[in-house]
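Participant: Okay, handing you the structure first.
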C-alpha cells in the first residue's frame, strides 16, 4: 500500500499543481484511505473508514475529492445500477469485467485473459483504447437459489 500511495500522491500533487488546485490534508488523507481498499468501494464505505481513523470530512468534501481523483485519472467511477455508484483505484485494477446481479446488486469481478488480449488487439478506427470495463448483468447463485426455492414452494400450493 505504501508504494502505491507514495506514487499516487506524487501524481495527485502534479495534477493539483497543473490545475492550480489547493493541496489539502483532506485530499491526501482520502487518497491514502482509498489505497487501502482491495477492490470497489462506495462513498459510505470511504466515509466510515475515514471516521474510524478519526479523520472527519464532510460528504461534500468526499464527493469533490472523488471528482478530482477521477479527473486526475487515479480512480474509476462505476455505475453498476441506477442506485449503485462505486469507485475503484485505477492503479490497483487490472482491466477486468464485472458480473452484476440484477436482483440483489452484488458485484463480482472476473478476469479473462483471452478477452483482455482480444480487446488489446482490437483495431478501432480513429480511436485508441486506454482502459475498458465490461458489465455483465444476470443473476447470482444466491438469488437464483432463492428464486428456485420460491418457485417450488408456489407450485405446491
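What follows is calculated from the coordinates using simple rules that are stated; it is not laboratory data. Values in this document were obtained by computation on a predicted structure and should not be read as measured data. Positions of Cβ are backbone-derived with ideal geometry, glycine not excepted, and every protein chain shown enters the neighbour counts.
Participant: Filter the range 87-120 down to residues that are more than 15 Å from residue 139 (Cα to Cα) and either without any contact (Cβ under 8 Å) to a residue 12 or more places away in the chain or more than 16 Å from the chain's Cα centre (by Cα) (or both), then give me how many there are.
Facilitator: Going through the range 87-120 one residue at a time, the tally reaches 9.
Participant: Inside the range 10-26, can you point out the residues that are in a helix (DSSP H, G or I) and farther than 16 Å from residue 66 by Cβ? Even if it seems obvious, please write down each step before you answer.
Facilitator: Filtering the range 10-26 down to residues in a helix (DSSP H, G or I) leaves 10-18, 25-26.
If the condition is that a residue be in a helix (DSSP H, G or I) and farther than 16 Å from residue 66 by Cβ, then 10, 13, 14, 17, 18, 25 are the ones that fit.
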